[in-house]
Amino acid sequence: MARNVSDDVDPDRLEAEIAEIKGAMGLASDHPYWWRFWIVEGVCTGLLFTIVQFWLREGFRPWIAVAFAGVVGCCELAKRRLRSSYEPPAAGLPSQRRWFVAVLAGVIALVVGLRPVFESLGPTNAVRLAIVAAGAVIGVGYVLMGQLLAAYDVRPADRYAFVVGGAWIMVLSAAIPYIPAFEGWEYAAFGIGIALHHVATYVALFRY
């Protein structure tokens, strides 16, 4: 009597193997909106840091508040639209929102803890310290995300995008205080530097 092939197949094992294969496909193929986030977040980051720079230089202006809120709102709408266009991957992925909140909490804790130091410095050195400190926290957060994605069998190209991004942010934040041309425009330079990396990453992953 012939045996049914399906009798020899373990459904749980088959499902696990399929999930592993899907996970190894990478963010671009298994979770497309993630790699598209690079360009959305890059453009938004560049604009937000530039707006903050004008706030520091000129003081508060109504148009600054409107521009800041507008950029944040457009960024969030773009992200929601990207999320709604794709199904979650079978292999699962770490929450980008929780990761962002964790990094933001680290930056806030650092700024609050160093407030007495900021107050004892002149405006220029206070800005430089803020850029370097925040850049270090954000950069480490990017590197750790790249390492975390390895546990989800995400392809190397997507993991390295975070690792390289973290290294770039740390180098950028450390270099800005030494570049005279950036004096008075430190936040704008930092934001535009991050935007350049994000856009380049989007282009690279799009072609990969």
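Annotation: extensible slack from R81 through V171 equals 29.1 nm (criterion: 0.36 nm per residue apart, minus Cα-Cα distance). Put a dot 7 Å past the Cα of R13, heading toward its Cβ, do the same for V111, and the two dots end up 5.4 nm apart.
No lab work stands behind these numbers, since they all come straight from the coordinates. As the structure is a computational prediction, the values presented were derived from the model and not from experiment. Positions of Cβ are generated from backbone atoms using ideal geometry, with glycine treated the same way; all protein chains shown enter the neighbour counts.
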